[in-house]
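Take a look at the structure below.
The values are calculated or read from the model by the stated rules, or taken from the named source; none is laboratory data. Note that this is a predicted model, so its numbers are computed, not measured. Neighbour counts are summed over all protein chains in view; Cβ atoms, including those assigned to glycine, are modelled from backbone coordinates with ideal geometry.
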Amino acid sequence: MMYHINLPKHISISIIYLLLVFGLFELTNIDIAIQNYFYNNAQEAWLWSKQEPVLKLFFYDAPKTALTFFALGIIISLLFFRKRDLISRYKNGLVIVLLSLIIVPSVVGLLKATTNSACPVALDNYGGEIPYVKVLASYPPNKTPSKIQKCFPAGHASGGFALLSLFFIFTTTKNKKIAMVFATSLGGLMGSYKMIIGDHFISHTLITMGLAWLLICTIAALVQKFTALSIINSNN
């Protein structure tokens, strides 16, 4: 099974990307500078309301529901239709996509639960009560949040970026590019929506994107190795 991609190289590039992006935002105030554009100080409100039903449906509820049904569709296909020619031909790619849809959001969720980073809407910069601190910094002793803050990296966008795994289903360069553009755009839109309503900084989305590709390439490498071992064992 060939993916026409150097997986170890892409894993290394992803790690370098994550280190560079994380370092950039830890050493600068780019997050705040960009986030300020989405907050109206005079009205003490975000550019878009989190409660606006149409925007919430289009950018939040609909993508989450679609991703859930997509994953369920893959599970059903692999369980009950795996002997069909179409499913059999794309089985490895479907496994990679399914694992990515499960693992990418799960890993991001675990990180969110441990980084203790507050969302913009909760910060005193934007009408909240929590001071802004970088991911590696500590809260002031008298300003420590009463409960763990779960905002870094971006959880909602992780589902969209998990679809970067569609790259491993298609065989032609054109379709692979379309898959990458689609997944990047979807993840970017989902992340941008959360920025505009005050739920995330841009760094949260960029880190999630890099982390998603790192995890997806790792999953693909493991599936490739497992498939190769299965072929060897079947020939013995």
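Out of the residues in segment 11-57 that are among the acidic types (Asp, Glu) and at negative phi, which is nearest to the chain's Cα centre (by Cα)? Here the answer is Asp31.
The single condition among (1) surrounded by fewer than 13 Cβ atoms within 10 Å (Cβ to Cβ); (2) in a loop (DSSP other than H, G, I, E, B) that Ala113 does not meet is (2).
Assess whether Ala113 counts as being out of contact with any strand residue (DSSP E or B) (no Cβ under 8 Å at 6 or more places or on another chain), touching a residue at least 12 places away in the same chain (Cβ under 8 Å), over 15 Å from Phe201 (Cβ atoms) and not polar (S, T, N, Q). Spelling it out, it is not the case that Ala113 is out of contact with any strand residue (DSSP E or B) (no Cβ under 8 Å at 6 or more places or on another chain), touching a residue at least 12 places away in the same chain (Cβ under 8 Å), over 15 Å from Phe201 (Cβ atoms) and not polar (S, T, N, Q).
Of all residues in segment 74-99, those satisfying the criterion of being among the hydrophobic types (A, V, I, L, M, F, W, C) and touching a residue at least 60 places away in the same chain (Cβ under 8 Å) are Leu94, Val95, Ile96, Val97, Leu99. Looking only at segment 160-208, residues that are closer than 18 Å to Ala71 by Cα and of a type in the set (Gly, Ala, Ser) come to 6 in all. Restricting segment 129-180 to residues that are among the charged types (D, E, K, R) and not in a strand (DSSP E or B), the residue that is surrounded by the fewest Cβ atoms within 10 Å (Cβ to Cβ) is Lys147.
Please tell me if Thr68 is loosely packed, with under 12 Cβ neighbours inside 10 Å and within 27 Å of Ile219 (Cα to Cα). So Thr68 fails the test.
Selection of segment 5-59 for residues being in a loop (DSSP other than H, G, I, E, B), surrounded by fewer than 11 Cβ atoms within 10 Å (Cβ to Cβ) and not acidic (Asp, Glu) yields Asn41, Ala42, Gln43, Gln51. The one condition from (1) within 19 Å of the chain's Cα centre (by Cα); (2) farther than 14 Å from Ser203 by Cα; (3) in contact (Cβ under 8 Å) with a residue 12 or more places away in the chain that Pro120 does not meet is (2). Checking segment 65-73 against the condition returns no match, with no residue being in contact (Cβ under 8 Å) with a residue 24 or more places away in the chain, touching a Ser or Thr at 6+ places or on another chain (Cβ under 9 Å) and part of a helix (DSSP H, G or I).
Can you find a residue that is assigned to a helix (DSSP H, G or I), modelled with pLDDT under 95, of a type in the set (D, E, K, R) and under 28 Å from Ser185 (Cα atoms) anywhere in segment 90-100? So far as segment 90-100 goes, yes, one or more of its residues are assigned to a helix (DSSP H, G or I), modelled with pLDDT under 95, of a type in the set (D, E, K, R) and under 28 Å from Ser185 (Cα atoms).
In segment 199-209, the condition of being in a helix (DSSP H, G or I), surrounded by fewer than 17 Cβ atoms within 10 Å (Cβ to Cβ) and either of a type in the set (A, V, I, L, M) or on the phi > 0 side of the Ramachandran plot (or both) is met by no residue.
With respect to the conditions (1) farther than 25 Å from Thr172 by Cα; (2) in contact with a Ser or Thr (Cβ under 9 Å, 6 or more places away or on another chain); (3) surrounded by 17 or more Cβ atoms within 10 Å (Cβ to Cβ), Gly93 lacks only one, and its number is (1). Filtered by the rule that a residue be among the β-branched types (Val, Ile, Thr) and without any contact (Cβ under 8 Å) to a residue 24 or more places away in the chain, segment 1-56 gives Ile13, Ile16, Thr28, Val54. If the condition is being more than 20 Å from Val21 (Cα to Cα) and either among the aromatic types (Phe, Trp, Tyr) or surrounded by fewer than 21 Cβ atoms within 10 Å (Cβ to Cβ) (or both), then segment 181-198 contributes Val181, Phe182, Leu186, Tyr193, Ile196.
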